[in-house]
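Asker: One structure, pasted below without further comment.
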Amino acid sequence: MFGYIVVNKPELKFKEFDIYQSYYCGLCQTLRNQYGLKAQVSLNFDMTFLAMLLSLLYDVPTKKVHERCVIHPMKKHDKLLNDCIDYAAKMTIVLAYYKCQDDWMDERKPVKQIYKKMISSPYLKIKEEYPKKIKVIEENLQKINAYEKENYDHIDDLAGCFGRVMGEICTYQDDIFYDDLYEMGFYLGKFIYLLDAYDDIEEDIKKKTFNPFIKDYQQPDFDERCHALLEMMIARSANAFECLPITENVEILRNILYSGVWSKYELRKMKRSEDKK
């Protein structure tokens, strides 16, 4: 369930995209510095959003470096480093660990088990640092797996589990921002789960694997009903986001929440429409 919380690049100014990229590169650098090259494989745009959101909200001391890297050897570029980006890197490892575990259970691909073992040491250290948070994440991901094995397709319960996962991930500290961050993350998590199911429906039908939308897929208003559900979830997430006192570079975050998150939905809907023709 990665890759949905992205920017709508054509709608950003060049300067805005450079700022967003500096968080992405900072997260990449942090993963390498803290956990080695193996951790960089887990880099994703979803946690870049979290890194930027928390950095701007908490206004933490931030170091900017301007340098080349292995991926971009020809040109120097900015990287931002701070405590919030460190936290986002830790949550990246946690999500990658459970993604490998889930993929191994579903598809039995050895590469997933190998990568899980490669990042198990940093994951266990993070688990020691955030025992309550990891416990909630673990319990809800296990509940999703149990529901799927039982072919339990109550969409709100399933999406709610991943909502609680993202709610925990988005809450950085137990402070005045906790409730708004949790609500934003909760509905963002539900949106991600629903969009992932919508995105995978044809493949899941072909492979005969679980998808909560299988019963509804043949309905003539399937796309419209899914869009309504997704719109409801992201609207609740955005409402909570707007309660946070972020002013600097807030338009980049709004670009992601109001536009970027719909990118894969629009691509899938377009492809589905073309296939039907």
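Asker: In straight Cα distance, which lysines are under 18 Å from LYS127, not counting same-chain residues fewer than 8 positions off?
Answerer: Hits, sequence-local ones excluded: LYS90, LYS99, LYS116, LYS117, LYS135.
Asker: Roughly how many nanometres apart are two label points built 7 Å out from the Cα toward the Cβ at SER259 and TYR152?
Answerer: 4.0
Asker: Is the C-alpha gyration tensor of the range 1-129 telling us rounded, prolate or oblate? Criteria: a/c under 1.5 is rounded; beyond that, a/b larger than b/c is prolate, otherwise oblate.
Answerer: Working: a/c = 1.76, a/b = 1.62, b/c = 1.09.
Prolate.
Asker: Follow-up. Just check the range 49-195 against the gyration tensor rule for me: Cα atoms, a ≥ b ≥ c as the square roots of the eigenvalues, rounded for a/c under 1.5, and otherwise prolate or oblate depending on whether a/b exceeds b/c. Please list the in-between numbers first.
Answerer: Values: a/c = 2.01, a/b = 1.34, b/c = 1.50.
It comes out oblate by the Cα gyration axes.
Asker: Cβ under 10 Å from ASP223's Cβ, ASP223 left aside: what net charge do those residues give with Lys, Arg +1 and Asp, Glu -1?
Answerer: Details: positive: ARG225, ARG268, LYS269, ARG272; negative: ASP221, GLU224.
With Lys, Arg at +1 and Asp, Glu at -1, the net is +2.
Asker: Among ILE134, ILE192, ILE155, which one shows the highest mean-square fluctuation when the chain is modelled as a Gaussian network with alpha-carbon springs under 10 Å?
Answerer: Result: ILE155 has the largest fluctuation of those listed.
Asker: Once fully extended, how much extra length lies between LYS38 and LYS132, figured as 0.36 nm per residue of separation less the alpha-carbon to alpha-carbon distance? List each step's numbers first, then the result.
Answerer: Numbers: separation 94, 0.36 × 94 = 33.84 nm, distance 2.60 nm.
Length difference between fully extended and current span is 31.2 nm.
Asker: Any idea what the relative contact order of the chain is, in percent, if you count C-alpha pairs under 8 Å spaced at least 6 apart?
Answerer: Values: 337 pairs, mean separation 60.0, N = 277.
Normalised by residue count, the contact order of the chain is 22 percent.
Asker: What residue among LEU95, LEU57, LEU195 shows peak mean-square fluctuation when the chain is described by a Gaussian network model with Cα springs under 10 Å?
Answerer: LEU57
Asker: The range 43-106 to the range 122-136: how many Å between their Cα centroids?
Answerer: After rounding, the separation between the Cα centres reads 18 Å.
Asker: Here is a further query. Using a Gaussian network model of the chain whose springs link C-alpha atoms within less than 10 Å, name the residue from GLN29, GLN113, GLN40 with the highest mean-square fluctuation.
Answerer: GLN113
Asker: Please give the length that would be gained between THR62 and GLU242 if that part of the chain were fully extended, namely 0.36 nm times their separation in residues minus their C-alpha to C-alpha distance (nm, one decimal).
Answerer: Values: separation 180, 0.36 × 180 = 64.80 nm, distance 2.34 nm.
Answer, rounded to one decimal: 62.5 nm.
Asker: Which three extents, in whole angstrom, do the alpha-carbon atoms of the chain cover along their principal axes, largest first?
Answerer: That works out to 52, 43, 40 Å along the principal axes.
Asker: With n ≥ 4 as the cut-off for DSSP H runs, can you work out [θ] at 222 nm for the chain, using -39500 (n - 2.57) per run divided by the number of residues, rounded to the nearest 500?
Answerer: Numbers: 12 runs with 192 residues, N = 277.
It lands at -23000 deg cm²/dmol.
Just so you know, all these numbers are worked out from the coordinates, no wet-lab data involved. None of these values were measured; they are calculated from a predicted model. Counting neighbours? That spans all protein chains shown, and the Cβs are built from the backbone with ideal geometry, glycine included.
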